1. Name the residue that is farthest from the chain's Cα centre (by Cα), counting only residues in the stretch 1-16 that are farther than 17 Å from residue 37 by Cα and at pLDDT 90 or above.
2. Here's a check for you: in the stretch 30-60, which residue that is surrounded by 14 or more Cβ atoms within 10 Å (Cβ to Cβ) and part of a helix (DSSP H, G or I) is farthest from the chain's Cα centre (by Cα)?
3. Can you tell me which residue is nearest to the chain's Cα centre (by Cα) among those in the stretch 17-29 that are surrounded by 13 or more Cβ atoms within 10 Å (Cβ to Cβ) and farther than 19 Å from residue 53 by Cβ?
4. Please list, ordered by first then second residue, the pairs with beta carbon atoms under 7 Å, 6 or more apart or interchain, first in the stretch 47-60 and within 15 Å of residue 23 (Cα to Cα), second surrounded by 13 or more Cβ atoms within 10 Å (Cβ to Cβ).
5. Tell me which of these residue 6 doesn't satisfy, since it passes every other one: (1) surrounded by 15 or more Cβ atoms within 10 Å (Cβ to Cβ); (2) touching a strand residue (DSSP E or B) at 6+ places or on another chain (Cβ under 7 Å).
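The values are calculated or read from the model by the stated rules, or taken from the named source; none is laboratory data. Predicted, not measured: the structure shown is a model, and the values here were computed from it. Every residue, glycine as well, gets a Cβ built from its backbone with ideal geometry; the counts of neighbours run over all protein chains shown.
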């Protein structure tokens, strides 16, 4: 189901994906299924303060 969702997002024109979490779990799988040119990045945090930094970095 996850691959179907990603495929749909690509078809809708999404060209950047950001994973946010303590470890980059999905980034490797994403790089295997998305075409070249689609940006896949991962922002990690290991504390509430780290999460706050990630949120600020994303401009949220």
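1. Among residues in the stretch 1-16 that are farther than 17 Å from residue 37 by Cα and at pLDDT 90 or above, the one farthest from the chain's Cα centre (by Cα) is 4.
2. 51
3. The residue in question is 17.
4. 51/45; 54/20; 54/43; 54/45
5. Checking residue 6 against (1) surrounded by 15 or more Cβ atoms within 10 Å (Cβ to Cβ); (2) touching a strand residue (DSSP E or B) at 6+ places or on another chain (Cβ under 7 Å), the one that fails is (2).
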